[in-house]
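One structure below.
We did not get these values from a lab; they are worked out from the coordinates using the rules stated. Keep in mind it's a predicted model, so treat the numbers as computed, not measured. We place every Cβ from the backbone using ideal geometry, glycine too, and count neighbours over all the protein chains shown.
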RNA sequence: GCCCGGGUGGCGGAAUCGGUAUACGCGCUCGACUUAAGAUCGAGUUCCGUAAGGAAUGUGAGUUCGAGUCUCACCCCGGGCACCA
């Protein structure tokens, strides 16, 4: 037979899988399993080795589960709307649709070259009208259910490029990443999702999913639930009250001043009555012009101004206390006002020192009792804010809203969906949303709804497209629903979800929010979309730094596939280290797995080379076989894929089973190929075909053959290893100790002192403790 | 600053209900094959020591017959959050 030619073998099997639609899953699953990758943004630079890591892991898991008889839904699609394609269009004039479709074609071809077992009949792209019709439908559904609202919000405004910027596009010094202009805050009407309605469920239901603990903690921190009291403070000579939120009502006796956020509703009225009106108003104006980032910078040096002539009354001590306005208090959290306790709170302390305010030492009381005493109520608060979904961008799903002549917003009715993204738009920053240029969009609106009606010209945050795609995979071609209830019932929730750790907060939070909302609407019946979640670790460049185009240290998976083959790349990426760990690339190490596959190839070729038939059956080798089957299965189950590769290497290594005398060589070879198949499917399929092995089913192991008749036991004297002896697995303590004592080396050490005690751990270790003599 | 995760050979990493540390691979050394190189195959490879033996899992203590694994303190690296009252 010819030498191992990875190109020939891999092309052959990829074509065969494609032609036979081998991974197309049944529509009526008997044992369902839904294994999902976070679908990629099809960037122009193509597939990255990081993608390969995650996709290979889910592929191994899917193939393994299919061999166990599961109907595995394992789909792939494209998170195709987004900024890079639009920025590229601004630079070159090439329409984002063209760039995106080209990139998708590249990605698909690259993925197929890896031999990944996706059901391509379910492929979706979020930028297609067939898909975004349902993104828009869901927006309308949420709108009708009262989970969408519009309000004025402060956004980052770039006065040079005349555009709104995302927070990530503003540099820490408050200038725009692109234009270098000083970014200002501008109030614009924006659409929001009421994600805060689900804050409690988003925290509580984390208890029921199998996710990395750190990811759960990130989510909890982001939601930032805290419990405390809302307490009203009276104002001297006024009926007005200031309501504060505090987690420490027990410190109220130490509240020697109050602070209002500059945005607080009472500020204006207080300024009118104050003795320093202009000072107050200019402080508020200055705060308003600061970006969030600039306000955070003030952390080390707090600013503020007292409202002179207006005092509050501490409800516990009944003392009159001053009121300040300071931007270290945030308008959007709690009540936008605090009782400041400088003796107890670091930030208040810093402020009080700077402004010479009384710092009063206090005795602590019981928090809930104190709350009751001062007429407060016990409440929960969240740092989570509603989700702003308007984007002043072109390459996204148009928000399906039109405005009547009075400017009132109306949802576009279902029969008009998809509300098409217009194409008569130039990709130049003009100061308003690009859709505002489209004559077609305006004419369409007037034609359908009437003269004077205007379309919404913002698009939806692309995170919305990815918040529901896992439902669509259950029923990707449905033209009447985003997915039928039956299909979702059949396939969801996702059993295993794998993707990068960079999405621990936003995407996962939004997808969970959608799930909870749809459950509330009565469309689905489960709480959580992703039962088990794992993150692949970042793959670093050979020099241990992050891969980056500018450093020229990016590894292109295509080149690796070309040179070593997809099976080698798959095996190598799994062998690198623990799945979730960050690990450096090392081209030398690929040679190791490539050599392993070549050895496998040769061993199958040469009947003499591998586990020759032998009349005598060594029990312990048979045991090793069963142990290997068990360990490989368990490790795949737990995505401990690096040790799976180790096990397989050991299996054929010259120190391992290759020299074994196992009763049936063919039987062992068949088992080995079946174990190899999920990891390196091309070569395993080829060898199975050539030599006529059946590897469709995952091999079973025999519990009774997992332990062998004799086991090595370590013998220690005072904790130091002095011998290793072979004992019957079921030997009694007395006999075991006796055997150990007769070992020459052990005896030598035992002679050095008086034996105090002996510890016997069956199958593991014997430890003699001897006293000094 | 706070919250997570992690420090094991020359390198990537195994091993955590406490029980033979360094599996598997890379690299390296020696040998076989070869005119030679490469590939392949075989032997070896934590450190010190000719050996007997000793030491070692970031550092220092502790618990234990026995600690990479448990406890305490500290150092370093990586990630996330960062005025949330």
task = Could you tell me how many degrees, from 0 to 90 and to the nearest 10, lie between the Cα long axis of helix A:681-691 and the main elongation axis, the longest principal axis, of the Cα atoms of chain A?
result = 20 degrees
message = From the convex hull of the Cα coordinates of segment A:304-454, what is the mean projected area in square nanometres?
response = 15.7 nm²
task = With a ≥ b ≥ c taken as the square roots of the eigenvalues of the C-alpha gyration tensor of segment A:233-365, please select rounded if a/c is under 1.5 and otherwise prolate if a/b is larger than b/c or oblate if it is not?
result = oblate
remark   = Listing A:466, A:317, A:550 by rising number of other beta-carbon atoms within 10 angstrom, fewest first, gives A:550, A:317, A:466
note = Using alpha carbon positions and the Kirkwood radius, the Rg to Rh ratio of segment A:183-309 is 1.04
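Based on alpha-carbon positions alone, could you give the equivalent ellipsoid semi-axes of segment A:680-757 from the gyration tensor, as √(5λ), descending, whole Å?
Working through the eigenvalues yields semi-axes of 47, 15, 9 Å.
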query = If you look at just the Cα atoms of chain A, how large are its Rg and its Dmax in Å?
reply = 33.6, 108
note = As a percent rounded to 5, the proportion of antiparallel DSSP bridges among beta bridges in chain A is 75 percent
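Quickly estimate the mean residue ellipticity at 222 nm for chain A, helices only: each DSSP H run with n ≥ 4 gives -39500 (n - 2.57), and the total goes over all residues, rounded to 500. Mind dumping the intermediate values first?
Numbers: 26 runs with 283 residues, N = 773.
Helix contribution divided over all residues of chain A: -11000 deg cm²/dmol.
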ask   = What order do you get for A:720-727, A:673-680, A:140-147, A:752-759 when each peptide is scored by the mean count of other beta carbon atoms within 10 Å, highest first?
value = A:673-680, A:140-147, A:720-727, A:752-759
message = What are the extents of the Cα atoms of segment A:99-138 along their three principal axes, in Å, largest first?
response = 36, 24, 11
ask   = Hey, fewest Cβ within 10 Å first, where do A:20, A:653 land in order?
value = A:20, A:653
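Would you mind ranking A:278, A:390 so that the residue whose beta carbon has the fewest other beta carbons within 10 Å leads the list? List each step's numbers first, then the result.
Details: A:278 9, A:390 23.
Ascending number of Cβ neighbours within 10 Å: A:278, A:390.
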note = With no solvent term and unit scatterers on the alpha-carbon positions of segment A:444-599, Debye gives log₁₀ I(q)/I(0) at q = 0.09, 0.13, 0.18 Å⁻¹ of -0.52, -0.86, -1.08
ask   = What's log10 of I(q)/I(0) for segment A:367-461 at q = 0.17, 0.26 Å⁻¹, Debye sum over Cα points only, no solvent?
value = -0.76, -1.37
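Determine, from the Cβ-Cβ distance of residue A:724 and residue A:634 and an R0 of 35 Å, the FRET efficiency 1/(1 + (r/R0)^6), rounded to the nearest 0.05.
0.85
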ask   = segment A:85-103 to segment A:480-527: how many Å between their Cα centroids?
value = 30 Å
inquiry  = Report the Cα centroid-to-centroid distance between segment A:32-77 and segment A:236-266 in angstrom, as an integer.
reply    = 54 Å
Pairwise FRET efficiency - residue A:489 versus residue A:588, Cβ, R0 = 51 Å, nearest 0.05 = 0.55
remark   = For the residue A:128, residue A:409 Cβ pair and Förster radius 30 Å, calculated FRET efficiency rounded to 0.05 is 0.70
note = In degrees, nearest 10, the alpha-carbon axis of helix A:641-652 is tilted away from the dominant principal axis of the alpha carbons of chain A by 10 degrees
note = Using eta = 1.306 mPa s and T = 10 °C, Stokes-Einstein with Kirkwood Rh from Cα pairs puts D for segment A:1-128, in µm² s⁻¹, at 98 µm²/s
query = Between residue A:160 and residue A:330, what is the label-to-label distance in nm when each label sits 7 Å out along the Cα-to-Cβ direction?
reply = 2.9 nm
request  = Please report how far the C-alpha centroid of segment A:401-466 lies from that of segment A:319-355, rounded to the nearest whole angstrom.
outcome  = 45 Å
